[in-house]
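Please read the structure below before turning to the comments.
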Amino acid sequence: MTPDASPYQRFTYTFGPRESTGVVLGLGMGSILALFAALFLLIRLAAAGPWGLVAGLVLVAATVVAVWVPIAERPIAHWLPIAAAFALRRALGYSQFRGGPAAEHPSTAREQRRGTGKNSGRPPAAEPLELPGELAGLAIITAHVHTRHGPRKVGVVKDRRRGLYTLLLATRGSAFHLLTPAEQDQRLLRWGETLAALAAPGTGIVRVQLLDAAVPDSGDALARYWLGGGGRGSTATRDSYRELLEAARPVTQRHETYIGLTIHPARIRRQIRTLGGGDAGACAHLITQAQAIQRDLLGAGVDVDGALAPRQIAALLRTAYDPGSRWAIEAAGPDAQRGGGLAVAEAGPMGCDGNHAAYYRTDGSYHAVYWISEWPRRPVTSAFLEQLLLYTHCERTVSVLLEPRDARKAEDELARAETTKDSDAGIRQRWGFRTSARERHERATRRRQDDALAAGHAPYRFLGLVRVSAPTLKDLDRACGDIEINARGLKLRRLYMEQDAAFAATLPLGRGLRYGLMR
């Protein structure tokens, strides 16, 4: 007799509810000060007479409504700065952008001097990106690396305003869902080890961005593969297969996955100075970190095609703003002189319109961005995003930003949060309020995080965004419905009046959002 094999116990992951912020009873310091100010004005107005008392009561009631009554799961007070910024951008014309011949082009020499730091060798070439809004200060630096296949160019995006450098790795995942549960969990463990290595202080990495884009496939790859094999078969067979390939063009979809690494030179001054300083030293350090993560990813079963060249980054940005340009860029194919892609000067859009609260328009496309405000609360396996990533039929991009945090600061924040919640619970108990199940889950989540920190795991802050793109508003509504249906276990919130900034956060540039969402 053979012994019964015990069933494999899958690893499960629990995210817990999103932490409710606030000093007392869920109210932030600004809301508390607003309430005290309203009460103070009530006392002063009541002394002026009965009409003053009425005005004071109306003011207090309006303040209470603003700080406690939610609209789309946000208190009215939280909407006020967002609405004010949105209205101000519209009034000043900052929500619109015109590129191409209508744009004002700065001096190329001046931009290159701004984008080039001091170093001992020949400074790398920096080409400014013509992008709207907060992205106006970006440039692409061309770094040269030597591989076993010969020299190649690597593009590094420099944010001159914040002093950040970002490099992009193109990856290809294997059929993860076809692996055994044990193999899937093993790969996730290796990925966790990779994240722990990236969070080390000596890396200088401040952001890790994971991008998965589902884009329409022109079908050219299938056609080239078939023709490369000789297009065998009888005349009727060849004609039938050719018709099949042509019919598949509008519905064929492919996935493009990228990993972005962003460093801040201020955290690794000594290492950069050793490598030559300035842009050259920062690029050399970033490329070294990319080579290290590439080895770790190969060990985790992820194929890495390498770092993107400047023209490839430009093409990636261009197709994000104008998905319809993908066909022309891919039809041009790789060029022996230029290596495919697109010129950096052509990466930006011809026009953008951010005057709409629910969507963002760029060139001939409409985009809507969702924030993943809460992840699955119940225990899930590693395939919990499979429905969203594999079973949506629209053009969409899922972006997850990971920000490594200092372990000591994370422990202090947990301790302060625990103290605040204990004080909150005491006030609720004295006033006769019971502790809700959500608050108990939040406490359990904080304890798990504390245990993970004590065990030496690297703490990360993360932000998830989903961008949906379509050629018309009607198609956009249909695509948004597809996303909302397949976001099982996720809580999606459309970022009204922040669509322009949210769109920029889904680009492969390692950026976040305003108002506390990991800017």
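The values are calculated or read from the model by the stated rules, or taken from the named source; none is laboratory data. What you see is a predicted model; the values in this text were computed from it and never measured. Virtual Cβ from ideal backbone geometry, glycine too; neighbours counted across all protein chains shown.
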(message) Residues that are touching an Asp or Glu at 6+ places or on another chain (Cβ under 9 Å) and free of Cβ contacts under 8 Å to residues at least 12 places away in the same chain: does the range 414-425 have at least one?
(response) yes
(message) Among the residues of the range 447-469, are any small (Gly, Ala, Ser) and at pLDDT 90 or above?
(response) yes
(request) Among residues belonging to the range 466-477 that are in contact with a Leu (Cβ under 8 Å, 6 or more places away or on another chain) and among the aliphatic types (A, V, I, L, M), point out the one that is farthest from Gln449 (Cα to Cα). (result) Ala470
(request) Assess whether Leu317 counts as being surrounded by fewer than 23 Cβ atoms within 10 Å (Cβ to Cβ), in contact (Cβ under 8 Å) with a residue 40 or more places away in the chain, part of a helix (DSSP H, G or I) and assigned by the TED database to the domain that holds Lys153. (result) no
(message) I need every pair where a residue in the range 257-278 that is surrounded by fewer than 20 Cβ atoms within 10 Å (Cβ to Cβ) has its Cβ under 6 Å from the Cβ of a residue that is β-branched (Val, Ile, Thr), sequence separation at least 6 or different chains.
(response) Thr257/Thr171; His264/Val206
(request) Give me the pairs, please: first residue somewhere in the range 170-188 and closer than 20 Å to Gln9 by Cβ and in the same structural domain as Ser382 (by the TED database), second residue anywhere and assigned to a helix (DSSP H, G or I) and of a type in the set (S, T, N, Q), beta-carbon distance under 7 Å, and either six or more positions apart or on two chains. (result) Phe176/Gln184
(message) Quick check on the range 158-177: of everything there that is touching a Ser or Thr at 6+ places or on another chain (Cβ under 9 Å) and farther than 12 Å from Ala307 by Cα, which residue is surrounded by the most Cβ atoms within 10 Å (Cβ to Cβ)?
(response) Lys158
(message) All but one of (1) without any contact (Cβ under 8 Å) to a residue 60 or more places away in the chain; (2) exposed (fewer than 15 other Cβ atoms within 10 Å of the Cβ) hold for Gly137; state the number of the condition that does not hold.
(response) (2)
(message) Taking the criterion of being of a type outside the set (Ser, Thr, Tyr), in a helix (DSSP H, G or I) and closer than 23 Å to Thr262 by Cβ, would at least one residue in the range 401-408 satisfy it?
(response) yes
